[in-house]
1. In the same structural domain as Gly285 (by TED's automatic domain parsing), crowded, with 17+ Cβ neighbours inside 10 Å, touching a Phe, Trp or Tyr at 6+ places or on another chain (Cβ under 9 Å) and among the acidic types (Asp, Glu), is that true of Asp218?
2. Under 9 Å between Cβ atoms, which residue pairs at least 6 apart in sequence (or on different chains) link something in region 266-278 that is over 19 Å from Lys303 (Cα atoms) and touching a residue at least 40 places away in the same chain (Cβ under 8 Å) with a partner that is among the acidic types (Asp, Glu) and in a strand (DSSP E or B)?
3. Given the conditions (1) under 28 Å from Gly229 (Cα atoms); (2) modelled with pLDDT of 95 or more, report the number of the one that Ser304 does not fulfil.
4. Any idea which of Ala240, Ala284, Ala252, Ala264 is surrounded by fewer than 21 Cβ atoms within 10 Å (Cβ to Cβ), outside the structural domain of Val174 (by TED's automatic domain parsing), of a type in the set (A, V, I, L, M) and within 20 Å of Ala194 (Cβ to Cβ)?
5. Where residues in region 83-92 are surrounded by fewer than 20 Cβ atoms within 10 Å (Cβ to Cβ) and not in a loop (DSSP other than H, G, I, E, B), which of them is nearest to the chain's Cα centre (by Cα)?
6. So Arg269 clears everything in (1) of a type outside the set (A, V, I, L, M); (2) crowded, with 23+ Cβ neighbours inside 10 Å; (3) closer than 26 Å to Gln125 by Cα except one condition, right? Which one?
7. Could you please give the count of residues in region 187-215 that are loosely packed, with under 15 Cβ neighbours inside 10 Å, of a type in the set (Gly, Ala, Ser) and out of contact with any strand residue (DSSP E or B) (no Cβ under 6 Å at 6 or more places or on another chain)?
Amino acid sequence: MRAFRSPLPLYLAVVGLAFLACDALNPDQPSDGAHARIDGTITNTTGARVQGATVTISGVQTTTDANGHYSVLAEHGEDEELRISAPGYTTITESLRITGADTFDRTLHGPNQVSGQVVNSQDGQPVTGASVTFFRGTGTTVELLATTGSTGFFNITDAPDGTFTLCIYADGFVDFCRPGVQITGGSFAIDPVAVTSTPPSGSYRIILTWGTTPGDLDAHLTGPDGGSGRFHVYYGNRNAGGATLDHDDTSANGPETMSINVPATGMYRFSVHNFSTSTAAGAAGMAASPTRVEVYSSAGLIKSYTAPSGGSGNTWRVFEMTVNGGSAAFNDNGGASLGYVTAASPTDTGTFLTGGGDAPAEEKRPSI
């Protein structure tokens, strides 16, 4: 997925050029003896320019542009109120005396502290120097910027309330974007984000992540073994049928990563087993986490699933994928996944190897 590509150095360069190009004196509202041109730039604590902030001086209201810039006329020699507000931020109100053309730059603060970690899906190790970008809503306006440190963590103070699209950009990894990230409540920790390198042409990579609970979720992949049987790759059997369990996690969050390196013709099934709760209540734990599964090919992200609410069982049957001639067709209930079942154990062949697979494939992918 290559949506919203906006690396930090390029963003700052473009914004800087655009700002220099702005004429501080709007020809439609020239200064005169009684008035002065007041302008400025509104940013937040990450250095991002705040677009759409409302600025009021001398009873005149304006809105910041895409570069966070505003410009208004104010009366000389008057004590005026400067008021700046923007969705999710604390409103600034202060008194100003206008003595001439001037620039009033201000920094907005929000009520939240946001933190998180970026890890490599293949080994669970931290990714250093990744660009972490929050876009307001589903748009392309950069709202918050950060960079991961040596342990893969990022931290943003004074973040605004709101719903954002989180994108991670890191050299050597597929661009990662997740919409619908809500920031609110003061201190907000984002579950670790697993980024992946591009899989080789013709192969697939499946990444399982979740939150701090349940403690241990396990990825299970079954598929054609090239003969008359089926293989089963999981923590107890990490390599079979051209597929591998690249990384196993037993202490929350994940990632657990599977690769189908040499796909054979036939049906592959991916399931998630709640090892921490072997009863039918395991489904509720996976849904509340929330548990996510993402499927990548050499083209990038091709499928994304979130564990559904409702239902019972200790195993989430996520999707079935039928490979034939270099293309793949997904049976996944229209993207909603195949629901929950109960496995007697991690080696329950009746759950992981057989059953299902008789529904028609709902989506075809072109040859990779």
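1. When the stated conditions are applied, Asp218 passes them.
2. As it stands, the answer is His273/Asp218; Asn274/Asp218; Phe275/Asp218, since those pairs meet every condition given.
3. Ser304 satisfies every listed condition except (1).
4. Exactly one of Ala240, Ala284, Ala252, Ala264 is surrounded by fewer than 21 Cβ atoms within 10 Å (Cβ to Cβ), outside the structural domain of Val174 (by TED's automatic domain parsing), of a type in the set (A, V, I, L, M) and within 20 Å of Ala194 (Cβ to Cβ), namely Ala252.
5. Restricting to residues being surrounded by fewer than 20 Cβ atoms within 10 Å (Cβ to Cβ) and not in a loop (DSSP other than H, G, I, E, B), the top hit is Ser85.
6. Unmet for Arg269, out of (1) of a type outside the set (A, V, I, L, M); (2) crowded, with 23+ Cβ neighbours inside 10 Å; (3) closer than 26 Å to Gln125 by Cα: (3).
7. 2
Condition check ((1) among the polar types (S, T, N, Q); (2) surrounded by 14 or more Cβ atoms within 10 Å (Cβ to Cβ); (3) without any contact (Cβ under 8 Å) to a residue 40 or more places away in the chain) across all residues:
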| position | (1), (2), (3) |
| --- | --- |
| Glu94 | no, no, yes |
| Gln113 | yes, yes, no |
| Ser131 | yes, yes, no |
| Thr138 | yes, no, no |
| Phe164 | no, yes, yes |
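The values are calculated or read from the model by the stated rules, or taken from the named source; none is laboratory data. Since the model is a prediction, treat every value here as computed from it, not as a measurement. Here the Cβ is made from the backbone with ideal geometry for all residues, glycine too, and neighbour counts use every protein chain on show.
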